Amino acid sequence: MKTPVVDYREFRLKKLNEPRFSHLKLLVGWLVYFLFYFLTENLIPASACHPVHCWVDDVVPFTEWFVIFYVGWFFLIAFSLIYFALYDIESFKSLSKFIMITQFVAIVCYIVYPTRQDLRPEVFPRNNIFTAVLTFIYAFDTPTGVCPSLHVAYSLGIASVWLKRKDSTVLTKVFITAFATCICLSVMFVKQHSAVDVFFAIILGALAELVVFRKRYFQKAHFGKSEPFSAQ
């Protein structure tokens, strides 16, 4: 089993500014995001939101088993952050910054131009474990604040970081790419997002990519190759 690059058993709050633990301060971004998520969900009514819809939404069928990937997104985020925090601090920093950028821009969008989607089926065509899970998701997650989709934006960031790691195996890269792709598709198939939300999330992800990895692209453009991404 690999040895963690940081011994978190020695962590104390007063040591947060020490170089070996300072990267954990990036997790504060999650607290800020959850605060604004709660505020936007509860203070901006659906009636004040602009409906998002395009012809693609009418073509994509409701497919409840895609909820596997939709829910799997939460585990992918947690696993990636924990793994990087243990074994690759530079990747942890990059993914955290990518997420914070997408969170900030998305929250601004939700406030300045609040959106909603009216795509959820009124009655499920089938009753099974997948629709039961979706019933729970629909109950606590309102169909507002949808454009851009953070499910998609985060997935792009996670895939980007894993693909850039020099220690990622081919199998890992294939799995992460396939899983992230399925997550991006799932938001439309379970009717949580419009294809419009996915489109703007891709643009947002591209913006975060350029900001977080600008030095890497600069080196590649000027020297023909970049330094290995991981600090391992």
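FYI, it's all coordinate maths here, none of it is from the lab. If you're wondering where the values come from, they're calculated on a predicted model, not measured in any experiment. Please note: Cβ atoms are built from the backbone with ideal geometry, for glycine as well, and neighbour counts cover all protein chains shown.
Per-structure values
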quantity: Over the stretch 1-137 - Rg/Rh using Cα atoms and the Kirkwood inverse-distance radius; calculated: 1.06
quantity: For peptides 107-117, 182-192, 199-209, sequence by mean Cβ density within 10 Å, most packed first; calculated: 182-192, 199-209, 107-117
quantity: Residue among Lys164, Lys173, Lys14 with the largest mean-square fluctuation in a Gaussian network model of the chain, springs linking Cα atoms under 10 Å; calculated: Lys14
quantity: For Val5, residues with placed amide H under 5 Å, excluding near neighbours; calculated: Tyr87
quantity: Ellipticity estimate at 222 nm from DSSP helix runs (n ≥ 4, -39,500 (n - 2.57)) divided over the chain, nearest 500; calculated: -20000 deg cm²/dmol
quantity: Range of Cα positions in the chain per principal axis (Å), largest first; calculated: 51, 39, 38
quantity: Sequence-separation-based contact order of the chain, relative, with Cα cut under 8 Å and 6+ spacing, percent; calculated: 29
quantity: Degrees separating the helix 89-112 axis from the principal Cα axis of the chain, which is the longest one; calculated: 30
quantity: Principal-axis tilt of helix 214-223 within the chain, Cα atoms, nearest 10 degrees; calculated: 60
quantity: Crossing angle, helix 67-87 versus the chain [Cα axis fit, 0-90 degrees, rounded to tens]; calculated: 10
